[in-house]
Amino acid sequence: MSFSLKRINAIFQKDLKDLSKNMYIGSIIVLPILMAFLYSIGDGETPILLHYLVINLALSSVTAFIQCAVIAEEKEKNTLRGLMLSPASLTEILTGKSLVSLILTVVTIALCMVITGYEPTNLPLVILAIFVASLFFLALGTLLGLLTRSIIEASVVILPFIFLFGFGSMAKPFIEEITWLKFMEYLPNSQLEEIAYGVEVGAGFSDILENLAIILVWVLVGVILTIFVYKKRELD
Amino acid sequence: MENVIRVEALAKVFGNQTALENVDFQVEKGETFGFLGPSGAGKTTTIKILTGQLMQTSGEAFVFNIPTSELKKGMHRKRVGVLTDNSGLYERLSIHDNLKLFCDLYEVPRSRIEEVLDMVNLTNEKKKAVSKLSKGMLQRVLLARTFLHEPDLLFLDEPTSALDPTNSKQIHDSLRRMNEKGTTIFLTTHDMTEAETLCNRVAFLNKGKIQLMDEPKKLRRQYSDNTVIIELKDGRELKRTSGPEHAQEIYQYMMDDQIVSIHSDEPTLGDIFVDITGRELV
Ligand SMILES: Nc1ncnc2c1ncn2[C@@H]1O[C@H](COP(=O)(O)OP(=O)(O)OP(=O)(O)O)[C@@H](O)[C@H]1O
Ligand SMILES: [Mg+2]
């Protein structure tokens, strides 16, 4: 498998430039930032739950949606074919694209954290956790991007995921009551929150290892599904 | 002679529809090979199989003696240039930025951009966003992109279908120059004049089967009924077989200084096609 930094960079540069001119996809960044502003209104300390509503919304709407929409658009406009007929491997194409989504994620989450005034006790640990979680959302976006054929389709398909992962924490009170909703505690967004709560009461790296491992399992599942779908769709 | 494309008993079935059936042909190095046929004949399907975008149902297809399903490796990709009717460009980016991306992907110097833009007559337009281009311009950008890495083998699916005669001619000149430098060209077209001027050999495909394959000149001769058309000064146009049976009559017109022109009535490729398939080209 080829892995050329030059080609990854070429795809990264192209996608960054293209996205900067794409109002439809680009404006999604406003969503979590607007949310952050809403939650920061009023005095007193913003609870962890609200910080993570914003962060999880950023992960599902910025990381996953942008990745998904950018791939779907390449299919809609018949440009993915050109990339795949070139010497660029799928790994190179997806790495270039993921870097763009990741950078936008970093910018959005950083802005949101400033707005909501989130200052975790152990910042490096929280950053690590968010990074691992963002890998899952990248895989999710890639998977949905490969499954959809147009931006419009992508925008619809991503919605339930934005609800599940972005607003899932709002359902917390119900999760504790209804047993079949218990699985939601194992979703990456819930695990991320658990890590955040832990960090505030002094948890160290070894304490959050289990949560990180659960998120990593999600990453793995996402990647395997993506490879599987790609292999099936490689030919028309 | 080394063959660049080899196809044996190739077949492709979509659901219950047969797109290709028992197709056999070879294209030799340095040839310009024309793949002709009406809409739906299976031309694009053949190109897709040869470029690894589609798997055949049965039969074999080799490019550079490699099965087309194994062409994915980067080093082979660099030897092949593909223009299909569903190739797309990044609409929000300029012509130049589109080509720049492919320069980097194929690892050719950026100076190639100016060269290919010149080949397709778009040098002055390079800053324009692709979304603002006309259909003919789009096709020329796609051609420029296909030429960028100087491939050994070009697959061109109706390369001049959206072009005006001047631009078509310029593309033909470019193709001829590339061919002289050793590029093998596989092209489909509905334009019989294009096929006659560019191709060393043509194959007529109809309903997924090759009906006829040879040099255009030989085909025309083979399908000619040996008649000449004589145009006379009084406006009459006579059709006569070119054998001795009419020699005396024609001689007399000549002696009487009656003749404006005499030309052979060889069929065009289009005539031959209609003849063997009973269908007009679209
Ligand atoms: N993906 C597909 N699924 C189903 N049928 C297909 C598919 N692609 C092509 N076909 C069918 O295969 C046949 C050959 O199509 P193809 O596109 O190869 O024709 P063509 O010779 O390129 O025609 P044109 O000159 O109009 O471009 C057609 O009947 C078409 O409907
Ligand atoms: Mg076609």
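Tabulated data
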quantity: Nearest-0.05 FRET efficiency for B:Thr227 and A:Lys231, computed from C-beta distance (R0 51 Å); calculated: 0.30
quantity: Rounded to whole Å, sorted largest first: equivalent-ellipsoid semi-axes of the stretch B:1-63, Cα gyration tensor; calculated: 20, 13, 10
quantity: Cα-only radius of gyration and Dmax that characterise chain B, units Å; calculated: 22.2, 71
quantity: Two-decimal Rg to Rh for the stretch B:100-165 - Kirkwood Rh, Cα set; calculated: 0.95
quantity: Between 0 and 90°, nearest 10: helix A:205-233 axis offset from chain A longest Cα axis; calculated: 30 degrees
quantity: Environment charge of B:Asp256, counting only residues whose C-beta is closer than 12 Å and scoring Lys/Arg +1, Asp/Glu -1; calculated: -2
quantity: Carbon plus sulfur fraction of accessible area for the protein assembly as shown, probe 1.4 Å, in percent; calculated: 58 percent
quantity: Percent RCO, i.e. relative contact order, over chain B, from Cα pairs under 8 Å lying at least 6 residues apart; calculated: 21 percent
quantity: In the stretch A:5-235, lysine pairs closer than 19 Å at Cα, eight or more apart or cross-chain; calculated: 18
quantity: Positive minus negative residues near A:Leu147 (Lys, Arg vs Asp, Glu; Cβ under 11 Å); calculated: +3
quantity: Accessible area of B:Arg176 in the full protein assembly, 1.4 Å probe (Å², nearest 10); calculated: 90 Å²
quantity: Fraction of the pair-distance distribution of the protein assembly as shown above 44 Å, Cα-Cα pairs, percent; calculated: 34 percent
quantity: The stretch B:212-282: GluC sites (Glu not before Pro) falling in loop per DSSP and having at most 10 other Cβ within 10 Å; calculated: B:Glu280
quantity: Two-site label geometry, B:Arg79 and B:Lys207: point separation in nm, points 7 Å out along Cα→Cβ; calculated: 3.7 nm
quantity: Whole-number accessible area per residue in Å² for chain A, which is evaluated in the context of all protein chains at 1.4 Å; calculated: 47 Å²
quantity: Calculated from backbone phi, Karplus (6.51, -1.76, 1.60) coupling profile of the stretch B:193-198 in Hz, x at Gly/Pro; calculated: 5, 4, 4, 5, 7, 9
quantity: Backbone N within the stretch B:90-120 under 19 Å of label point (7 Å from A:Asn9 Cα along the Cβ vector); calculated: B:97-113
quantity: Residue-normalised accessible area of the stretch B:112-264, expressed per residue, 1.4 Å probe, Å²; calculated: 52 Å²
quantity: Whole-Å semi-axes of the ellipsoid equivalent to chain A (Cα gyration tensor, √5λ, descending); calculated: 31, 19, 17
quantity: Rg/Rg_globular for the stretch B:43-84, with Rg_globular taken as 2.2 N^0.38 Å and Rg from C-alpha atoms; calculated: 1.07
quantity: Gyration tensor verdict on the stretch B:225-265 (Cα atoms; rounded if a/c is under 1.5, prolate if a/b is larger than b/c, oblate otherwise); calculated: oblate
quantity: Distance histogram in 10 Å bins (all Cα pairs of the stretch B:157-282, percent per bin); calculated: 11, 32, 26, 21, 10, 0
quantity: Selected from A:Ala69, A:Leu34, A:Val114, residue furthest toward positive end of dipole (the stretch A:5-235; charges at beta carbon); calculated: A:Ala69
quantity: Chain A - percent relative contact order, Cα under 8 Å, separation 6 or more; calculated: 27 percent
quantity: Estimated Rh, the stretch A:175-236: Kirkwood, alpha-carbon pairs, angstrom; calculated: 13.6 Å
quantity: Rounded to 5, percent antiparallel among DSSP beta bridges of the protein assembly as shown; calculated: 65 percent
quantity: Between 0 and 90°, nearest 10: helix A:90-116 axis offset from chain A longest Cα axis; calculated: 30 degrees
quantity: Euclidean distance of C-alpha centroids, the stretch A:60-135 and the stretch B:173-238, integer Å; calculated: 53 Å
quantity: Within-11-Å neighbourhood charge of B:Pro159 [Cβ basis; K, R +1; D, E -1]; calculated: -4
quantity: Choice from B:Thr123, B:Thr166, B:Thr44 with maximal GNM fluctuation in chain B (Cα, 10 Å cutoff); calculated: B:Thr166
quantity: Label point distance in nm, B:Ala129-A:Ser206, each placed 7 Å from Cα along Cα→Cβ; calculated: 5.7 nm
quantity: Of B:Met254, B:Met55, B:Met178, the one that fluctuates the most in a GNM where chain B has Cα springs shorter than 10 Å; calculated: B:Met254
quantity: Gaussian network model of chain A, springs between alpha carbon atoms under 10 Å - residue of A:Ala110, A:Ala139, A:Ala58 with greatest fluctuation; calculated: A:Ala110
quantity: The stretch A:120-185 shape via C-alpha gyration tensor axes, a/c threshold 1.5; calculated: oblate
quantity: The stretch B:69-112: C-alpha gyration tensor shape, a/c 1.5 cut-off, then a/b vs b/c; calculated: oblate
quantity: Pairwise label distance in nanometres, B:Asp24 with B:Thr197, each label 7 Å out on the Cα-Cβ vector; calculated: 3.5 nm
quantity: Area hidden from solvent between B and A (accessible, protein heavy atoms only, 1.4 Å, total, Å²); calculated: 2500 Å²
quantity: Tilt relative to chain B, helix B:95-106 - C-alpha long axis, 0 to 90 degrees, to 10; calculated: 70 degrees
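The values are calculated or read from the model by the stated rules, or taken from the named source; none is laboratory data. All values reported here derive from a predicted model rather than from experimental measurement. Don't worry about glycine lacking a Cβ; one is built from the backbone with ideal geometry, like all the others, and counts go over all protein chains shown. With ligands, DNA and RNA removed, areas are computed over all heavy atoms of the protein, side chains included. Shrake-Rupley method; radii C 1.70, N 1.55, O 1.52, S 1.80 Å.
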